[in-house]
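I have placed the structure first, in the form of structure tokens, so that the comments after it can refer back to it.
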Amino acid sequence: MESAVDRLKSLFESLAPPRLVSWQSMFLFGLAMWVLSGVVMLADPERTLDLFLLQRFGWVFIAGGIVWRQALDPVRIWGFPVGAVAASLVLVNLIFEDEVGQWRQSGFIALPIFSGLLVAMSYFLSTSGRWRVPNRFERLKSIVALGIGLVLACWLNFYFITQDWLVQYPGLWNARIDNSNFMALVKDPRQDWGRDLVAEVDFLLYDKFHGRPWPQIERALEEYGSQPESLERDLRDSAGRSFFFKLPFRREPDWNVTLTTSGDGNPSYLINTRVTWESPLFFDDRDFTIVRSCEIARAPLPLELFNESTQTGLISCNTSPEFIFREEPELEEASTDADAETPDAPTGDTQDNTQNDTRNNTQEENGS
Amino acid sequence: MLPVVIPLRLFLSQLFCISMGLAIEASVLSKRAELPRQVAFHYSLVANVVAMFAGWAAIFAVQEFFLRGVRGQQVLSYIFSGAFITEFALVPTQVACMTLAIVFFVGGFLLKPYSVRMLEQFDLVPPLPEMQVGRDDPRLKALVEARLRERVAEAMQLGHIASTIATMLFFALLIAW
């Protein structure tokens, strides 16, 4: 068993350059340049000198040393050339980074090609850095490595093309991607965990306010406004009753539902339901919020039947102006359909619904 | 984080098809051309990787032309939702897709032996095994080698056909089931 001191010693020994022209000297030169820029920065607190070029060249030499080292003999873990991938990451980061510090699309495509090239090159270089003629098996391996890199680059390119299509035709988000043979939908699981809760809240709202007598609606609204815990109690009751739904969170502080009312009931009430849940992951204390804006209106009645006792209410959700007057009309249509279907077919296709929820969510975050 | 749509199923099914094709083609090569198993596997591996890259490059080259107008919408609808749009004309899109599939099949049929032949010329893939006959007679040796290469090319094309049929059968069974 090697001690840490021995390991450090062997690391420093491996960094000692055997010749003048070697990867070690290139790496150390870059490191020295970086240290030099740090020293100059300390000596020059007013920043009269522009150190960008010095630091940049330092990075270039460090990256060059790493790439050189990996081209000689890439570090492998279970046969996979991790070292080559890391070196090409450094290279791509240096070449394809834009002013904001993000990679361009071509950088992602270049990454597997660079890795394949490095692995292929490592077969044609001996560990001492001289060119050599590999045997036939190694030549074949280099061809296959290069080919796999190219195919991975093609896959990445196709992924970017599909993302372009999604930007070009935003209605594709509404497609039933589960039925597709090509695409798979990957969602944030933390948001998925709250989906049942949101569906349960929807169910409760429709149960309480849709087609009920108007005085009963007003009483329920008053109760929910004055006693927030009664809403929670009703939620638990309906979740216990219903066969399909189980509330995903058992503990008390994990989720919270609040309901605020505005309007005087003539012609309608507006209610804002805010559903908040914590991420169940212990290392992650983000909250997720979905806001439903619903309108409860008096149901239209023929004049001869009009009576205060026969008056019922209708609920329609997400009728707030910022929800209606946003950019994609196709999405809005689909969302109202999905909301109308939610209480009838709770286990049905909830994908559209979730999609709209997340959009609504981001909209809310932007607004606040 | 908004949900992300990744062509993951496409990549996984391509990986699956390639491994199935590799197994079938390598066994056909070792049976029909009597190559050693390792050499047969390497030949089919190189040929398949090269053909895969050529196919993707061809798709990117014809993409602008292929996804134009109604055809593009139909193909996109099929890619994203697994169904064509029935309100639009369906036949031209299907004809174009079938033509593309046939062109890819024929392209692989021609490219696979050719790529191995090219890489052999640059001495990049393992050579054919040494023949016992014609050691003294260079003309006989050349003849025997040419015959062997022909047999390798034939076996490769046969393996291509067999692996394509097997893949199609597999997916047909999957759909029927």
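The values are calculated or read from the model by the stated rules, or taken from the named source; none is laboratory data. All figures in this text were calculated on a predicted structure; none of them were measured in a lab. Here the Cβ is made from the backbone with ideal geometry for all residues, glycine too, and neighbour counts use every protein chain on show.
For the reader, a short list of remarks on this structure follows.
- One residue stands out among those in region B:102-134 that are surrounded by 11 or more Cβ atoms within 10 Å (Cβ to Cβ) and assigned to a loop (DSSP other than H, G, I, E, B): the one that is farthest from the chain's Cα centre (by Cα), which is B:134.
Conditions tested, residue by residue: (1) touching a Ser or Thr at 6+ places or on another chain (Cβ under 9 Å); (2) buried (at least 18 other Cβ atoms within 10 Å of the Cβ); (3) modelled with pLDDT of 75 or more.
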residue: A:187; (1), (2), (3): yes, no, no
residue: A:190; (1), (2), (3): yes, no, no
residue: A:202; (1), (2), (3): yes, yes, yes
residue: A:209; (1), (2), (3): no, yes, yes
residue: A:218; (1), (2), (3): no, no, yes
residue: A:227; (1), (2), (3): no, no, yes
residue: A:232; (1), (2), (3): no, no, yes
residue: A:240; (1), (2), (3): no, no, no
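- Whenever a residue of region A:154-170 is more than 9 Å from every other protein chain (Cβ to nearest Cβ), its partners that are in a helix (DSSP H, G or I) and loosely packed, with under 15 Cβ neighbours inside 10 Å, lying with C-beta atoms within less than 6 angstrom and at least six residues away or across chains, give the pairs A:160/A:105.
- Of everything listed in (1) within 22 Å of the chain's Cα centre (by Cα); (2) aromatic (Phe, Trp, Tyr); (3) at pLDDT 80 or above, the single unmet condition for residue A:269 is (1).
- Residues satisfying the stated conditions in region B:49-82, i.e. modelled with pLDDT under 85, surrounded by fewer than 19 Cβ atoms within 10 Å (Cβ to Cβ) and facing another protein chain (nearest Cβ under 7 Å): B:82
- Flag if residue B:65 is in contact with a helix residue (DSSP H, G or I) (Cβ under 6 Å, 6 or more places away or on another chain) and aromatic (Phe, Trp, Tyr): no
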